[in-house]
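Right, one structure below, let's go through it.
The values are calculated or read from the model by the stated rules, or taken from the named source; none is laboratory data. From a predicted model like this one, the values you see are computed outputs, not experimental measurements. So basically every Cβ, Gly included, is an ideal-geometry build from the backbone, and we count neighbours across all protein chains shown. With ligands, DNA and RNA removed, areas are computed over all heavy atoms of the protein, side chains included. Shrake-Rupley method; radii C 1.70, N 1.55, O 1.52, S 1.80 Å.
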Amino acid sequence: MESSECRKLKIICLHGIYNNIRVMKYQMDYYEYIFRDVAEFHYVQAEKEHKEVFDKQIQKKFKGDRFYSWMYQDENNSYMQSIIDSTHRVAEYMNQHGPFDGCIGFSQGGFILRCLLKAAEIPFKIAQPLHTPSF
């Protein structure tokens, strides 16, 4: 029997509030090592930079880094536009680099992924990726 090489699973990863790609890669390091032969992880950076950081230990460990959030309040104290903008950003990434077989989202990143996976059911207009992971 001939052995055929399988393609690696593609997993999209979104960090949480007041975080960044470098922190999430650090947090995912063990999983990347364990699944190195079967999965490749793709990290997407949120757009809104924050000067404050929730976890001072993270700030200390990643001194000099910038930290970001997917959702933030606008001048009307609404999060809606940032949710729409963030889902568009991630959907665009998924459409350019997908299809993806799975997703990992921490905190706000998990919420944004949930919005994308359920886009057809959400009562306001957000972007829809061409292909979403099927679970």
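Is it the case that N76 is touching a Leu at 6+ places or on another chain (Cβ under 7 Å) and on the phi < 0 side of the Ramachandran plot?
No; evaluated as a whole, the condition is false for this residue.
From the residues in region 52-72 that are open to solvent by less than 100 Å² (accessible area, probe 1.4 Å) and free of Cβ contacts under 8 Å to residues at least 12 places away in the same chain, which one is farthest from L14 (Cα to Cα)?
G64
Of the numbered conditions (1) small (G, A, S); (2) in contact with a Ser or Thr (Cβ under 9 Å, 6 or more places away or on another chain); (3) closer than 29 Å to R7 by Cβ, G110 satisfies every one except a single condition; which is it?
For G110, the failing item is (2).
Of (1) more than 12 Å from the chain's Cα centre (by Cα); (2) open to solvent by 50 Å² or more (accessible area, probe 1.4 Å); (3) touching a residue at least 24 places away in the same chain (Cβ under 8 Å), I104 satisfies all except one. Which?
That leaves (1) as the condition not met.
Name, by its number, the condition in (1) part of a helix (DSSP H, G or I); (2) in contact (Cβ under 8 Å) with a residue 12 or more places away in the chain that does not hold for F41.
Status for F41: all satisfied but (1).
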